[in-house]
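What follows draws every value from the coordinates through simple rules; no lab data is involved. A quick note: this is a predicted structure, and the numbers were derived from the prediction, not measured. Methodologically, a virtual Cβ is constructed for each residue, glycine included, from the backbone with ideal geometry; neighbour enumeration extends over all protein chains shown.
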Amino acid sequence: MDLFEYQGKQYFARYDIPVSPGGPADTVDEAVAAANAAGYPVVVKAQVQVGGRGKAGGIKLADNEAEARQHAEAILGMDIKGHVVKRVWVENASDIEEEYYVSFTLDRAEKKHLMMLSREGGVEIEVVAEENPDAIIKLHIDPVDGLSADVARQACIDANLPERAIDGATDIIVKLYRCYTEGDCDLAEINPLILKPTGEVHALDAKVTLDGNAEYRHPEWEAFKGLTEMDEREKMAAEKDLQYIGLDGTVGIIANGAGLAMSTLDVVNQVGGSAANFLDIGGGANADVMAGALEVINFDENVKSIFINIFGGITRGEEVAKGIVEALNRVELKAPIVIRLDGTNAEEGRQILLDAGIPESKLRSEPTMLAAAKTVVGLANA
Ligand code: GDP
Ligand code: MN
């Protein structure tokens, strides 16, 4: 789950990382009230989950109420790279002497956490990586060892931070590591981390991705929900309790079991197609689950054909078939289905599909996974 900047800052605050005081606002009047409460000068910041808001005009300084109003009017409703601004965050403006970059992510290949630190912050890190890669310090952290203040301090020195920023930066880095690990983040990034003329170091921006698998131990994440910009398809799937991940291909995929779903994606790729989603209906899925899954896939405009790949163990073939028949009654599917139905009660399932008299233009059955993949990709690419 990706957080908005202001939510990321709220999360940082739980770990004592210094951020500017401020308030969220959904209307111009609320923004003005938040600015008055914070005290001028303030900065009005568009809350969208996309970088480069500053350059796009989504971040503006205001010295007084009239300016705060004017900026809130301009920014609310603004379109930033396809994201419409529905909320702003208004905070006390900071004086900036220097801008740094720091982040933690997981390096899967190394099986370690990765810290990146740079004196060149405030710009996109990808640009720094391209133009001046030596300006980025990369430090792998063994999760068993953790990150000590000494190691963090040395990284600050290696990154060439000025002497007077080192204490403050070290402190924030250690806290950010705690936020990232104990707070179960996939990403915790501060860009820019600023040095103020007063010598204080401070998080001016926040980019946080929470690890959904850790949700069960974070009841406090509930507060972040609802506002997050979820893919519409994923939102619909979540409401139906489906294990769904939206992708950008054209073949809708339904399989039982995560392993089979992944293999299905692979085989679709192998024969020249691309998956529109990952969808695991799980073991023991009944007709209702299948119908719900088809509804979610049908909602995706990019889907040109649907691959249902079922190897029944606990899942029963006749339930799958009933679900398909039910879905075809409930919704007008925009794309044809190709099904590979095998395993428990597959025969009964195929008979149910036959008896339903579904025309071949809407549903075809194939005996193997590979044959089904070829047919479904042929339909998608036609
Ligand atoms: P992003 O462009 O979406 O990454 O948004 P940021 O929150 O990182 O802000 C972009 C830039 O706006 C920063 O790098 C700063 O240069 C500037 N900025 C943001 N907040 C302040 C502030 O409080 N004071 C000043 N002077 N500049 C700010
Ligand atoms: Mn930023």
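Structure values in brief
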{"item": "The chain: calculated mean residue ellipticity at 222 nm from DSSP helix runs of at least 4, using -39500 (n - 2.57)", "result": "-11500 deg cm²/dmol"}
{"item": "Under 13 Å, Cβ to Cβ, from residue 184 - net charge with Lys/Arg +1 and Asp/Glu -1", "result": "-2"}
{"item": "For the range 22-92, alpha-carbon Rg over 2.2 N^0.38 Å", "result": "0.96"}
{"item": "The range 185-212-the range 267-335 distance, computed between alpha-carbon centres (Å)", "result": "42 Å"}
{"item": "Across 111/196; 55/86; 225/304; 240/322; 112/175; 81/235, pairs whose alpha-carbon gap is larger than 25 Å", "result": "111/196; 225/304"}
{"item": "Cα-based convex hull volume of the chain per residue, rounded to whole Å³", "result": "161 Å³"}
{"item": "For the range 98-225, convex hull of alpha carbons as volume per residue, Å³", "result": "116 Å³"}
{"item": "Charge-dipole axis of the chain as Lys and Arg at +1 and Asp and Glu at -1 on Cβ define it, positive-most pick from 274, 22, 213", "result": "274"}
{"item": "DSSP-defined beta bridges in the chain - what % are antiparallel, rounded to 5", "result": "70 percent"}
{"item": "Å³ per residue enclosed by the Cα convex hull of the range 232-381", "result": "86 Å³"}
{"item": "Share of pairwise Cα separations in the range 1-121, more than 22 Å, in percent", "result": "39 percent"}
